[in-house]
Structure formats: structure tokens, C-alpha cells
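This report refers to the structure that appears directly beneath it.
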């Protein structure tokens, strides 16, 4: 009998200690960290990107009530992807809820000039670097890997820190020799040509076939390489 009483007493003490330790953690810092962790676990991050999560400081005038149950949260469906009010709530018999403003910055990699680049300079790892920029501040198509444009030439002067785009480089430059590849599912033919204008990755430009003298429209696929799909 004494052993049973001792066990019950120990159990009550243990439960009481657990409740006290849990409620003691429910301060503003705890809830702000809970909000950040919840967002990190429940949003989709771009495959090549990352996110910066900024949780607003909870108003010190708000009293943080105890909660014996695990905290729960809910992301509103109608948020704009950048700013939201995260609902945090306690499901105790005496329930409560709190809305915490959160700002989410989605950062994407873009290739920028690591040094000033003069017109005609060949681009490579010595003058290119990757920086992460807020996607809401990016305009137009961006280049996310130096490997996609290694060997390209600058069409104009590019200042340090400037994003590299189709407008300021050419993978195929006017007057340069290129390889023309005409291909279908079962056939591939190679020929030599001359670029009649500058071309960026994915752009269609006119190419003169060196052998036949004919002009064809081909798509820039890589450095000094254009493709015609048959």
C-alpha cells in the first residue's frame, strides 16, 4: 500500500513539474520562435532559392496566458505570399488565440558582375558571382548559374554588382563562327555558319551557312552553338 501511495505521489509531482515547466516557456520569445519554426516547416521553398522569415515582436502589453496543450498555428489562405498574420492558438478548455505578423522574403539566385566588365570581355568565374535577391524586386528573366553563360561576351560595359541578363551579353556574337545543328528524333546534321546578329541563350537569330550561303533561323543553345529542330 505504501508503495502505491508513493507511486501516486511521484506521478502527481512529475505531472505538476511538467505543467509548470511548459507554461513557464510561454513567453514572447518562445512564441516568436514557435511562429518562425512553424512557417519554416509549412511553406514551399523554391528549389534553387531560400527564404528569410521575419517575425514581428509581440506587443509587450499583450499578456501571454498559460497553455497546457501543445500550441497550434494556422497560415491564412488569403495571404499574399510575403506578408501574413499567423494565427497561434491554445486548445485548452479555456482557449485563447494570438495573431503574429510575419514577413517572408523569398530569395532567388542571380548571376551578377563581381568586377567591372568592359565591352567585349569574356565572362567566366573571374568576373561573375551569384547573389541572392528578393524575388519581388527582380524584373524579367534572370540567369541563376554562371555555367549557363561561361564564355559569353559582354555586349556593353557592365558595372560591378549589375545582374547579367540577355540584354548585356551574347553567347553567339555577330560575325563569329558558330556550329549549326539540325536535328530531329532520328537525325542530326552539323554545319558551320556565321552569326548575322548577337544572340542570347534561347533566342532565335539569323545564321548564314558557310557552305551553301543560305540564311537560316536558329535558336541559341550554348556558346557558339545554334539549333534547328527539323
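Here are the numbers:
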| read-out | value |
| --- | --- |
| Subset tally (residues that are part of a loop (DSSP other than H, G, I, E, B) and closer than 30 Å to residue 135 by Cβ) for the range 151-186 | 12 |
| Pairs where the first residue, in the range 184-208, is in contact (Cβ under 8 Å) with a residue 40 or more places away in the chain and the second is in a loop (DSSP other than H, G, I, E, B) and exposed (fewer than 13 other Cβ atoms within 10 Å of the Cβ), C-beta under 8 Å, 6+ apart | 184/230; 187/230 |
| So residue 192, is it modelled with pLDDT of 95 or more and assigned to a strand (DSSP E or B) | yes |
| The range 80-114, subset in contact with a strand residue (DSSP E or B) (Cβ under 8 Å, 6 or more places away or on another chain) and assigned to a loop (DSSP other than H, G, I, E, B), residue surrounded by the most Cβ atoms within 10 Å (Cβ to Cβ) | 114 |
| Boolean, residue 73 is outside the structural domain of residue 202 (by TED's automatic domain parsing), closer than 18 Å to residue 43 by Cα and in contact with a strand residue (DSSP E or B) (Cβ under 6 Å, 6 or more places away or on another chain) | yes |
| Filter pass, residue 139 being under 30 Å from residue 39 (Cβ atoms), modelled with pLDDT under 95, out of contact with any strand residue (DSSP E or B) (no Cβ under 6 Å at 6 or more places or on another chain) and in a loop (DSSP other than H, G, I, E, B) | yes |
| Condition check for residue 66: closer than 30 Å to residue 176 by Cβ and over 24 Å from the mean Cα position of the chain (by Cα) | no |
| Filter result for the condition that a residue is surrounded by fewer than 16 Cβ atoms within 10 Å (Cβ to Cβ) and farther than 25 Å from residue 48 by Cα, over 204, 131 | 204 |
| The range 57-80: number of residues that are under 26 Å from residue 131 (Cα atoms) and in contact with a helix residue (DSSP H, G or I) (Cβ under 9 Å, 6 or more places away or on another chain) | 0 |
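Here's the yes/no breakdown for (1) in contact (Cβ under 8 Å) with a residue 40 or more places away in the chain; (2) under 16 Å from residue 169 (Cβ atoms):
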{"position": "68", "(1), (2)": "yes, no"}
{"position": "72", "(1), (2)": "no, no"}
{"position": "96", "(1), (2)": "no, no"}
{"position": "140", "(1), (2)": "no, yes"}
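The values are calculated or read from the model by the stated rules, or taken from the named source; none is laboratory data. Source: prediction; values computed, not measured. Because the Cβ atoms are built from the backbone with ideal geometry, glycine has one as well, and the counts that use them run over all protein chains shown.
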